[in-house]
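First comes the structure, then the notes that go with it.
The values are calculated or read from the model by the stated rules, or taken from the named source; none is laboratory data. Model, not experiment: these values are computed from the prediction. As a convention, Cβ positions derive from the backbone with ideal geometry for all residues, glycine included, and neighbour counts pool all protein chains shown. For accessibility, only protein heavy atoms count, side chains too; no ligands or nucleic acids. Shrake-Rupley method; radii C 1.70, N 1.55, O 1.52, S 1.80 Å.
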Amino acid sequence: MMNQSQAKTSTTRDNEFSLRRKREEYTVEIRQHKRVEEFTQSRMRRQPQDENSASRQDLEELEKMKKHIDTCLTRTFTVNDFYDLAKLINSEDLYDQHLGVIGLRKILAKKLDMPIQDVIDANLIPRLMSFMKQDEHVHLQLEAAWALTNVASGNSLQTKSIIEKGGIPLFVTLLKDRPLAISEQAIWALGNIAAESTNYRDDILEEGALDLLVEILAKNPPSGSGSKKLWSCGTWAVSNLCRGKPAPNIAKILVAMPILLRAVQEEKAPEVLSDAIWALVPISDRKDKIQDFLESGAVPDLSLIHISEPTRLLSISYAVFCLKKKKRKYKG
(Lines give C-alpha, C1' and ligand atoms only; values in the text may rest on other atoms or scores of the structure.)
Protein backbone atom coordinates (compact mmCIF):
# COMPACT_ATOMS: atom_id res chain seq x y z
CA MET A 1 0.00 0.00 0.00
CA MET A 2 1.08 3.54 -0.70
CA ASN A 3 1.56 5.80 2.27
CA GLN A 4 0.09 9.31 2.29
CA SER A 5 3.31 10.87 0.98
CA GLN A 6 3.55 8.40 -1.92
CA ALA A 7 -0.11 8.91 -2.81
CA LYS A 8 0.37 12.68 -2.83
CA THR A 9 3.45 12.36 -5.04
CA SER A 10 1.55 10.08 -7.43
CA THR A 11 -1.38 12.50 -7.61
CA THR A 12 0.96 15.41 -8.25
CA ARG A 13 2.67 13.47 -11.03
CA ASP A 14 -0.69 12.59 -12.60
CA ASN A 15 -1.81 16.22 -12.45
CA GLU A 16 1.44 17.38 -14.03
CA PHE A 17 1.04 14.80 -16.81
CA SER A 18 -2.57 15.87 -17.40
CA LEU A 19 -1.57 19.54 -17.59
CA ARG A 20 1.33 18.77 -19.92
CA ARG A 21 -0.97 16.75 -22.20
CA LYS A 22 -3.49 19.61 -22.28
CA ARG A 23 -0.70 22.05 -23.17
CA GLU A 24 0.50 19.73 -25.96
CA GLU A 25 -3.03 19.34 -27.34
CA TYR A 26 -3.55 23.09 -27.25
CA THR A 27 -0.21 23.63 -29.01
CA VAL A 28 -1.28 21.25 -31.80
CA GLU A 29 -4.60 23.09 -32.14
CA ILE A 30 -2.89 26.47 -32.37
CA ARG A 31 -0.35 25.18 -34.89
CA GLN A 32 -3.08 23.71 -37.11
CA HIS A 33 -5.15 26.88 -37.04
CA LYS A 34 -2.05 29.00 -37.66
CA ARG A 35 -1.44 27.08 -40.88
CA VAL A 36 -5.03 27.62 -41.96
CA GLU A 37 -4.87 31.31 -41.07
CA GLU A 38 -1.72 31.81 -43.17
CA PHE A 39 -3.40 30.03 -46.09
CA THR A 40 -6.48 32.27 -45.79
CA GLN A 41 -4.46 35.47 -45.67
CA SER A 42 -2.36 34.36 -48.63
CA ARG A 43 -5.48 33.60 -50.65
CA MET A 44 -6.97 37.01 -49.84
CA ARG A 45 -3.77 38.76 -50.94
CA ARG A 46 -3.93 36.92 -54.28
CA GLN A 47 -7.47 38.08 -54.98
CA PRO A 48 -7.71 41.22 -57.18
CA GLN A 49 -9.12 44.21 -55.31
CA ASP A 50 -10.65 47.41 -56.71
CA GLU A 51 -11.50 50.73 -55.07
CA ASN A 52 -15.06 49.66 -54.30
CA SER A 53 -14.12 46.29 -52.86
CA ALA A 54 -14.92 45.25 -49.34
CA SER A 55 -11.38 44.04 -48.61
CA ARG A 56 -11.07 46.08 -45.41
CA GLN A 57 -14.38 44.77 -44.15
CA ASP A 58 -13.31 41.24 -45.03
CA LEU A 59 -10.07 41.64 -43.09
CA GLU A 60 -11.91 43.05 -40.09
CA GLU A 61 -14.33 40.12 -40.14
CA LEU A 62 -11.42 37.72 -40.49
CA GLU A 63 -9.73 39.23 -37.43
CA LYS A 64 -12.98 39.08 -35.45
CA MET A 65 -13.44 35.43 -36.34
CA LYS A 66 -9.82 34.68 -35.45
CA LYS A 67 -10.35 36.06 -31.95
CA HIS A 68 -13.53 34.02 -31.61
CA ILE A 69 -11.73 30.83 -32.67
CA ASP A 70 -8.85 31.54 -30.25
CA THR A 71 -11.40 31.88 -27.44
CA CYS A 72 -13.11 28.62 -28.44
CA LEU A 73 -9.78 26.77 -28.46
CA THR A 74 -9.10 27.72 -24.85
CA ARG A 75 -12.42 26.37 -23.62
CA THR A 76 -12.86 22.97 -22.01
CA PHE A 77 -15.74 20.70 -23.06
CA THR A 78 -17.06 17.39 -21.74
CA VAL A 79 -19.45 14.77 -23.10
CA ASN A 80 -22.16 16.42 -21.00
CA ASP A 81 -21.98 19.36 -23.41
CA PHE A 82 -22.83 17.20 -26.42
CA TYR A 83 -26.46 18.22 -26.98
CA ASP A 84 -25.70 21.92 -26.49
CA LEU A 85 -22.91 21.58 -29.03
CA ALA A 86 -25.24 19.78 -31.45
CA LYS A 87 -27.63 22.75 -31.29
CA LEU A 88 -24.77 25.13 -32.06
CA ILE A 89 -23.68 23.00 -35.01
CA ASN A 90 -27.21 23.09 -36.44
CA SER A 91 -27.41 26.85 -35.96
CA GLU A 92 -27.31 29.19 -38.96
CA ASP A 93 -24.93 31.53 -37.12
CA LEU A 94 -21.34 31.12 -38.30
CA TYR A 95 -19.89 31.90 -34.87
CA ASP A 96 -22.12 29.32 -33.20
CA GLN A 97 -21.12 26.77 -35.83
CA HIS A 98 -17.42 27.30 -35.08
CA LEU A 99 -17.96 26.96 -31.33
CA GLY A 100 -20.09 23.84 -31.78
CA VAL A 101 -17.68 22.04 -34.09
CA ILE A 102 -14.60 22.92 -32.04
CA GLY A 103 -16.31 21.65 -28.90
CA LEU A 104 -17.44 18.46 -30.64
CA ARG A 105 -13.98 17.81 -32.01
CA LYS A 106 -12.51 18.24 -28.53
CA ILE A 107 -14.82 15.70 -26.88
CA LEU A 108 -14.35 13.27 -29.78
CA ALA A 109 -10.60 13.43 -29.16
CA LYS A 110 -10.94 11.98 -25.65
CA LYS A 111 -9.68 8.43 -25.25
CA LEU A 112 -12.66 7.35 -23.16
CA ASP A 113 -16.37 7.93 -23.70
CA MET A 114 -16.00 9.22 -27.25
CA PRO A 115 -19.60 10.10 -28.25
CA ILE A 116 -19.23 8.73 -31.78
CA GLN A 117 -22.58 6.97 -31.77
CA ASP A 118 -24.25 10.13 -30.40
CA VAL A 119 -22.90 12.05 -33.42
CA ILE A 120 -24.42 9.47 -35.75
CA ASP A 121 -27.75 9.27 -33.89
CA ALA A 122 -28.06 13.07 -33.85
CA ASN A 123 -27.60 13.04 -37.65
CA LEU A 124 -24.62 15.40 -37.41
CA ILE A 125 -22.55 13.65 -40.09
CA PRO A 126 -24.34 15.33 -43.06
CA ARG A 127 -24.01 18.70 -41.29
CA LEU A 128 -20.29 18.22 -40.68
CA MET A 129 -19.84 17.12 -44.29
CA SER A 130 -21.53 20.32 -45.45
CA PHE A 131 -18.97 22.29 -43.41
CA MET A 132 -16.17 20.32 -45.08
CA LYS A 133 -17.35 21.68 -48.44
CA GLN A 134 -17.13 25.32 -47.35
CA ASP A 135 -13.81 26.40 -48.82
CA GLU A 136 -14.55 30.00 -47.85
CA HIS A 137 -14.50 29.05 -44.14
CA VAL A 138 -11.29 27.05 -43.84
CA HIS A 139 -11.22 27.01 -40.03
CA LEU A 140 -14.68 25.46 -39.96
CA GLN A 141 -13.60 23.06 -42.70
CA LEU A 142 -10.59 21.99 -40.64
CA GLU A 143 -12.60 21.38 -37.47
CA ALA A 144 -15.34 19.44 -39.29
CA ALA A 145 -12.73 17.24 -41.02
CA TRP A 146 -10.98 16.71 -37.69
CA ALA A 147 -14.24 15.68 -35.99
CA LEU A 148 -15.19 13.27 -38.78
CA THR A 149 -11.68 11.79 -38.72
CA ASN A 150 -12.37 10.76 -35.12
CA VAL A 151 -15.76 9.33 -36.11
CA ALA A 152 -14.02 7.30 -38.84
CA SER A 153 -11.80 5.75 -36.15
CA GLY A 154 -14.83 4.08 -34.55
CA ASN A 155 -16.15 0.58 -35.10
CA SER A 156 -17.09 -0.88 -38.50
CA LEU A 157 -20.69 0.32 -38.47
CA GLN A 158 -19.66 3.80 -37.37
CA THR A 159 -17.09 4.03 -40.16
CA LYS A 160 -19.71 2.76 -42.60
CA SER A 161 -22.02 5.64 -41.63
CA ILE A 162 -19.50 8.04 -43.15
CA ILE A 163 -18.89 5.93 -46.25
CA GLU A 164 -22.59 5.67 -47.07
CA LYS A 165 -22.91 9.47 -47.08
CA GLY A 166 -20.08 10.00 -49.55
CA GLY A 167 -17.22 10.36 -47.10
CA ILE A 168 -14.48 8.87 -49.28
CA PRO A 169 -14.69 11.27 -52.28
CA LEU A 170 -15.19 14.19 -49.88
CA PHE A 171 -12.03 13.42 -47.92
CA VAL A 172 -10.11 12.87 -51.17
CA THR A 173 -11.20 16.36 -52.28
CA LEU A 174 -9.47 17.77 -49.19
CA LEU A 175 -6.14 16.48 -50.52
CA LYS A 176 -6.35 18.93 -53.42
CA ASP A 177 -4.88 22.41 -52.98
CA ARG A 178 -5.86 22.79 -49.33
CA PRO A 179 -3.92 24.01 -46.29
CA LEU A 180 -1.63 21.25 -45.10
CA ALA A 181 -3.46 21.04 -41.76
CA ILE A 182 -6.69 20.14 -43.57
CA SER A 183 -4.98 17.65 -45.88
CA GLU A 184 -3.42 15.95 -42.84
CA GLN A 185 -6.86 15.37 -41.38
CA ALA A 186 -8.03 13.88 -44.67
CA ILE A 187 -4.98 11.59 -44.70
CA TRP A 188 -5.75 10.34 -41.18
CA ALA A 189 -9.38 9.72 -42.10
CA LEU A 190 -8.58 7.88 -45.34
CA GLY A 191 -5.93 5.79 -43.55
CA ASN A 192 -8.51 4.77 -40.93
CA ILE A 193 -11.09 3.93 -43.59
CA ALA A 194 -8.61 1.93 -45.71
CA ALA A 195 -7.63 -0.12 -42.66
CA GLU A 196 -11.26 -1.01 -42.02
CA SER A 197 -11.93 -2.86 -45.28
CA THR A 198 -10.14 -3.82 -48.49
CA ASN A 199 -13.28 -2.75 -50.37
CA TYR A 200 -12.97 0.72 -48.85
CA ARG A 201 -9.24 0.66 -49.63
CA ASP A 202 -9.98 -0.07 -53.30
CA ASP A 203 -12.62 2.68 -53.40
CA ILE A 204 -10.06 5.16 -52.07
CA LEU A 205 -7.53 4.05 -54.69
CA GLU A 206 -10.15 4.43 -57.43
CA GLU A 207 -10.69 8.04 -56.32
CA GLY A 208 -7.00 8.75 -56.98
CA ALA A 209 -6.15 9.43 -53.33
CA LEU A 210 -2.75 7.73 -53.43
CA ASP A 211 -1.50 9.94 -56.27
CA LEU A 212 -2.55 13.05 -54.33
CA LEU A 213 -1.02 11.76 -51.11
CA VAL A 214 2.29 11.01 -52.81
CA GLU A 215 2.26 14.51 -54.30
CA ILE A 216 1.76 16.07 -50.86
CA LEU A 217 4.64 14.06 -49.35
CA ALA A 218 6.91 14.91 -52.28
CA LYS A 219 6.32 18.63 -51.68
CA ASN A 220 7.12 18.30 -47.98
CA PRO A 221 10.39 16.34 -47.52
CA PRO A 222 10.98 14.43 -44.26
CA SER A 223 13.70 16.88 -43.23
CA GLY A 224 11.43 19.90 -43.75
CA SER A 225 10.06 22.02 -40.96
CA GLY A 226 6.87 20.56 -39.53
CA SER A 227 7.02 17.46 -41.76
CA LYS A 228 7.53 14.87 -39.02
CA LYS A 229 3.83 14.44 -38.26
CA LEU A 230 2.92 14.52 -41.96
CA TRP A 231 5.35 11.72 -42.85
CA SER A 232 4.23 9.68 -39.87
CA CYS A 233 0.55 9.76 -40.84
CA GLY A 234 1.36 9.81 -44.56
CA THR A 235 3.45 6.64 -44.67
CA TRP A 236 0.92 4.93 -42.39
CA ALA A 237 -1.92 5.81 -44.79
CA VAL A 238 0.15 4.78 -47.83
CA SER A 239 0.91 1.47 -46.14
CA ASN A 240 -2.80 0.86 -45.48
CA LEU A 241 -3.55 1.58 -49.14
CA CYS A 242 -0.83 -0.79 -50.39
CA ARG A 243 -1.53 -3.77 -48.14
CA GLY A 244 -4.29 -6.23 -47.36
CA LYS A 245 -5.79 -9.44 -48.70
CA PRO A 246 -6.85 -9.60 -51.41
CA ALA A 247 -3.96 -7.40 -52.51
CA PRO A 248 -4.73 -4.12 -54.27
CA ASN A 249 -4.32 -3.64 -58.00
CA ILE A 250 -0.54 -3.34 -58.36
CA ALA A 251 -0.92 -0.70 -61.08
CA LYS A 252 -2.74 1.54 -58.60
CA ILE A 253 0.01 1.50 -55.97
CA LEU A 254 3.24 1.69 -58.01
CA VAL A 255 3.12 5.47 -57.79
CA ALA A 256 4.01 5.19 -54.10
CA MET A 257 7.37 3.48 -54.63
CA PRO A 258 9.62 6.60 -54.85
CA ILE A 259 8.12 8.05 -51.68
CA LEU A 260 8.46 4.77 -49.80
CA LEU A 261 12.10 4.43 -50.83
CA ARG A 262 12.71 7.98 -49.68
CA ALA A 263 11.19 7.15 -46.31
CA VAL A 264 13.46 4.09 -45.98
CA GLN A 265 16.54 6.13 -46.83
CA GLU A 266 15.82 9.33 -44.89
CA GLU A 267 13.48 8.49 -42.01
CA LYS A 268 14.70 7.34 -38.60
CA ALA A 269 11.40 6.91 -36.75
CA PRO A 270 10.79 3.14 -36.35
CA GLU A 271 7.05 3.36 -36.99
CA VAL A 272 7.62 5.24 -40.26
CA LEU A 273 10.24 2.72 -41.38
CA SER A 274 7.91 -0.15 -40.55
CA ASP A 275 5.00 1.32 -42.52
CA ALA A 276 7.22 2.17 -45.51
CA ILE A 277 8.87 -1.25 -45.69
CA TRP A 278 5.61 -3.14 -45.33
CA ALA A 279 4.10 -1.06 -48.12
CA LEU A 280 7.03 -2.03 -50.35
CA VAL A 281 6.33 -5.74 -49.91
CA PRO A 282 3.27 -5.92 -52.24
CA ILE A 283 4.89 -3.53 -54.74
CA SER A 284 7.90 -5.84 -54.96
CA ASP A 285 5.62 -8.59 -56.29
CA ARG A 286 6.33 -7.05 -59.70
CA LYS A 287 9.64 -8.44 -60.99
CA ASP A 288 10.50 -5.24 -62.85
CA LYS A 289 9.81 -3.18 -59.75
CA ILE A 290 11.86 -5.32 -57.38
CA GLN A 291 14.77 -4.73 -59.78
CA ASP A 292 14.18 -0.96 -59.55
CA PHE A 293 14.08 -1.38 -55.80
CA LEU A 294 17.35 -3.33 -55.67
CA GLU A 295 19.07 -0.73 -57.83
CA SER A 296 17.74 2.20 -55.80
CA GLY A 297 20.36 1.98 -53.07
CA ALA A 298 17.80 1.21 -50.39
CA VAL A 299 18.84 -2.43 -49.94
CA PRO A 300 22.08 -1.65 -48.03
CA ASP A 301 20.00 0.52 -45.70
CA LEU A 302 17.57 -2.34 -45.20
CA SER A 303 20.44 -4.69 -44.40
CA LEU A 304 21.60 -2.37 -41.65
CA ILE A 305 18.06 -2.08 -40.32
CA HIS A 306 17.73 -5.85 -40.34
CA ILE A 307 20.85 -6.15 -38.17
CA SER A 308 20.20 -3.27 -35.77
CA GLU A 309 16.43 -3.22 -35.34
CA PRO A 310 15.16 -6.76 -34.62
CA THR A 311 14.70 -6.19 -30.90
CA ARG A 312 13.62 -2.58 -31.31
CA LEU A 313 10.78 -3.19 -33.74
CA LEU A 314 10.10 -6.77 -34.79
CA SER A 315 7.78 -5.76 -37.63
CA ILE A 316 10.63 -3.95 -39.41
CA SER A 317 12.84 -7.01 -39.18
CA TYR A 318 10.17 -9.32 -40.56
CA ALA A 319 9.27 -6.94 -43.40
CA VAL A 320 12.93 -6.72 -44.42
CA PHE A 321 13.09 -10.52 -44.33
CA CYS A 322 10.13 -10.69 -46.76
CA LEU A 323 11.80 -8.26 -49.14
CA LYS A 324 15.09 -10.14 -49.02
CA LYS A 325 13.31 -13.37 -49.94
CA LYS A 326 12.00 -11.64 -53.06
CA LYS A 327 15.48 -10.33 -53.82
CA ARG A 328 16.88 -13.88 -53.79
CA LYS A 329 13.92 -15.11 -55.84
CA TYR A 330 14.42 -12.61 -58.65
CA LYS A 331 18.20 -12.82 -58.65
CA GLY A 332 18.20 -16.59 -58.59
Per residue, what accessible area does the stretch 62-218 have, given a 1.4 Å probe and all protein chains present, in Å²?
41
Of the cross-linked pairs LYS219/LYS245; LYS66/LYS176; LYS67/LYS87; LYS64/LYS219, which ones have a Cα-Cα span greater than 26 Å in the structure shown?
LYS219/LYS245; LYS64/LYS219
Can you pull the one-decimal nm distance between simple spin-label points at LYS268 and LEU62, each 7 Å off the Cα toward Cβ?
3.8
Can I get the semi-axes of the stretch 194-286's equivalent ellipsoid? Compute them from the C-alpha gyration tensor as square roots of 5 times the eigenvalues, in angstrom, largest first.
21, 13, 12
Dipole magnitude of the stretch 92-210 about its Cα centre (Cβ charges: Lys, Arg +1; Asp, Glu -1), debye to nearest 20:
300
So, how do all the Cα-to-Cα distances of the stretch 61-199 break down into 10 Å bins, in percent, from 0 on up?
12, 46, 35, 7, 0
For the stretch 95-105, in residue order, the Karplus 3J(HN,Hα) values (coefficients 6.51, -1.76, 1.60; θ = phi - 60°; whole Hz; Gly and Pro = x) are 5, 5, 4, 4, 4, x, 6, 4, x, 5, 4
On the formula 1/(1 + (r/R0)^6), with r taken between the Cβ atoms of ASP70 and SER91 and R0 of 25 Å, the FRET efficiency rounded to 0.05 is 0.80
At R0 = 30 Å, FRET efficiency that the Cβ-Cβ distance of TYR83 and GLU206 yields, to 0.05
0.20
Can you pull the one-decimal nm distance between simple spin-label points at LYS165 and GLU136, each 7 Å off the Cα toward Cβ?
2.3
Calculate the length of the line joining the C-alpha centroid of the stretch 58-105 to that of the stretch 156-203, in whole Å.
24
Go through the stretch 117-197 and name the GluC sites (Glu not before Pro) that are in a DSSP coil and have 15 or fewer other Cβ atoms within 10 Å of their Cβ.
GLU136, GLU164
Expected sort for 172-181, 154-163 on mean C-beta neighbours within 10 Å, highest first, is 172-181, 154-163
What nm value, rounded to one decimal, do you get for the distance between ALA109 and LYS228 when each label is placed 7 Å out toward the C-beta?
1.8
The stretch 86-198, accessible surface, carbon-and-sulfur percent (1.4 angstrom probe)
49
Local electrostatic count at LEU157 - Lys and Arg +1, Asp and Glu -1, tallied over other residues with Cβ under 15 Å:
-2
